[in-house]
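The values are calculated or read from the model by the stated rules, or taken from the named source; none is laboratory data. In this text, all values refer to a predicted model and were calculated from it rather than measured experimentally. Backbone-built Cβ (ideal geometry, glycine too); neighbour counts: all protein chains shown.
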Amino acid sequence: MTRTVDAELGAAGVFGAEHRRLLGYLQRARGDGPAPETSALRERYTDDVRATAVGTWRLRMVNEHRSSGVFAGLHGAMMECGSAFAVQTTVLRMALDEVHHAELCGRVVAAFGGAPRAEAEAVPASVPRHTGVSPLESAMRNALFVGCLAETVAVALVSHERSLATEPLVRWTLDQILGDEVSHARFGWTFVRDALPGLGVEAVVRTNAYLRVAFGYLEAAEHTFLPVADDPSAELAAQREALGLCRGQDARDLFADTVRTVIVPQLGELGLDAASAWSGRRRMAA
Ligand SMILES: [Fe+2]
Ligand SMILES: [Fe+2]
């Protein structure tokens, strides 16, 4: 089973108009400027680099689209645990942000001559309902995984790519995405900080055990997304960096550094033994 991810499908008609209205509202709320000119972009890079850019940004489009389903599932978890309306609207807005990110990635694909379309694995677009714990503890685990782990790693990776990128369209796109990913990470940290103390000491013990699984899953997922390829030539590497495409091994190193120097200490401040959970993480196949 596959699912179609097509950034241009349904652009016309009533749904297209509503879609543009909503995304335009988000862009105005953030004060985003217009996208840079891209007409000369295809001539600036070799065929190899353009093909890599199309492939990488298409994969990003698919992943961003999947993230939207995760936030939609998180909204259900937030309803179930009786969270405030303000939390629920925030989660729904983040689901919308991710569709917007997918569309932005599709625009980069198109700018490099590719079709902003993919057939992707039909993964369940949701979050798990953790058994044996209260709805609030289950929602807290999901907020922790999505915000404190996955989105915090995304902030580090996108920031790094933004620092490398010199191509204006790529910088502009990464700027849009980065601003949102920072707020998505902050949501997770805020929710866990608010929820965890009220869940009691046994919840801390259970969360430490959950973290071993969560870190293992996160590492496998990130390594799938960050394959280690052969080293390109210096000229090719420079062209790829201009487009925000860093070496797979560098990205994996940055991932591990972010866990060790940002995520583990911050979870430690919340009373969790994240250092032991990371070193004792359950290894999973990528
Ligand atoms: Fe995103
Ligand atoms: Fe995000």
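Considering every residue within region 39-62, establish whether at least one is under 30 Å from Tyr210 (Cα atoms) and either among the basic types (Lys, Arg) or in contact with a helix residue (DSSP H, G or I) (Cβ under 6 Å, 6 or more places away or on another chain) (or both).
For region 39-62, residues under 30 Å from Tyr210 (Cα atoms) and either among the basic types (Lys, Arg) or in contact with a helix residue (DSSP H, G or I) (Cβ under 6 Å, 6 or more places away or on another chain) (or both): present.
Considering only residues that are among the charged types (D, E, K, R) and more than 17 Å from the chain's Cα centre (by Cα), look in region 103-120 and name the one that is surrounded by the fewest Cβ atoms within 10 Å (Cβ to Cβ).
Ranking the qualifying residues of region 103-120, first place goes to Glu119.
Restricting to region 73-114, and then to whatever is outside any helix (DSSP H, G or I) and in contact (Cβ under 8 Å) with a residue 12 or more places away in the chain, can you tell me which residue is farthest from ligand 1 (Cβ to nearest atom)?
Only one residue fits best here, namely Gly82.
For region 260-286, name all the residues that are under 19 Å from the mean Cα position of the chain (by Cα) and more than 20 Å from Trp189 (Cα to Cα).
Within region 260-286, Ala286 is the sole residue that qualifies.
In contact (Cβ under 8 Å) with a residue 40 or more places away in the chain, within 16 Å of ligand 1 (Cβ to nearest atom) and buried (at least 19 other Cβ atoms within 10 Å of the Cβ): is that true of Glu222 in this structure?
yes
Is it the case that region 125-139 has a residue that's within 17 Å of the chain's Cα centre (by Cα), more than 16 Å from ligand 2 (Cβ to nearest atom) and surrounded by 20 or more Cβ atoms within 10 Å (Cβ to Cβ)?
Within region 125-139, not a single residue is within 17 Å of the chain's Cα centre (by Cα), more than 16 Å from ligand 2 (Cβ to nearest atom) and surrounded by 20 or more Cβ atoms within 10 Å (Cβ to Cβ).
Do any residues in region 119-139 that are within 29 Å of Thr2 (Cβ to Cβ) and touching a residue at least 60 places away in the same chain (Cβ under 8 Å) have Cβ atoms under 9 Å from those of residues that are of a type in the set (Asp, Glu) and surrounded by 16 or more Cβ atoms within 10 Å (Cβ to Cβ), where the two are at least six apart or on different chains, and which pairs are they?
His130/Glu137
Of the residues that sit in region 26-67 and are under 20 Å from Asp180 (Cβ atoms) and of a type in the set (Ser, Thr, Tyr), which one is surrounded by the most Cβ atoms within 10 Å (Cβ to Cβ)?
Looking at the filtered set, the residue picked out is Ser67.
Among the residues of region 83-98, are any touching a Ser or Thr at 6+ places or on another chain (Cβ under 8 Å), small (Gly, Ala, Ser), at pLDDT 90 or above and under 14 Å from His184 (Cβ atoms)?
Yes, that holds for at least one residue.
So how many residues does region 174-209 have that are away from ligand 2 (no atom under 12 Å from the Cβ) and under 18 Å from Gly106 (Cα atoms)?
2
Specify which of the listed residues (Val123, Val70) is of a type in the set (A, V, I, L, M) and either under 17 Å from Asp180 (Cα atoms) or touching a Phe, Trp or Tyr at 6+ places or on another chain (Cβ under 8 Å) (or both).
Val70
Taking Leu254 as the residue in question, decide whether it is within 30 Å of Asp47 (Cβ to Cβ), modelled with pLDDT of 95 or more, outside any loop (DSSP other than H, G, I, E, B) and under 20 Å from the mean Cα position of the chain (by Cα).
Yes; evaluated as a whole, the condition is true for this residue.
If I go through region 155-173 residue by residue, how many of them are within 15 Å of Met61 (Cα to Cα) and within 13 Å of ligand 2 (Cβ to nearest atom)?
The number of residues fulfilling the criteria is 1.
Tell me whether region 42-63 contains one or more residues that are in contact (Cβ under 8 Å) with a residue 60 or more places away in the chain and within 16 Å of ligand 2 (Cβ to nearest atom).
There is at least one residue in region 42-63 that is in contact (Cβ under 8 Å) with a residue 60 or more places away in the chain and within 16 Å of ligand 2 (Cβ to nearest atom).
For the condition out of contact with any Lys or Arg (no Cβ under 8 Å at 6 or more places or on another chain) and more than 15 Å from ligand 1 (Cβ to nearest atom), what is the one hit in Val158, Val146, Val192, Val123?
Val192 is the lone residue from the list that is out of contact with any Lys or Arg (no Cβ under 8 Å at 6 or more places or on another chain) and more than 15 Å from ligand 1 (Cβ to nearest atom).
Considering Leu196, Leu174, Leu157, which residue is at negative phi, of a type in the set (A, V, I, L, M), in contact with a Phe, Trp or Tyr (Cβ under 8 Å, 6 or more places away or on another chain) and buried (at least 18 other Cβ atoms within 10 Å of the Cβ)?
So the residue among Leu196, Leu174, Leu157 that is at negative phi, of a type in the set (A, V, I, L, M), in contact with a Phe, Trp or Tyr (Cβ under 8 Å, 6 or more places away or on another chain) and buried (at least 18 other Cβ atoms within 10 Å of the Cβ) is Leu157.
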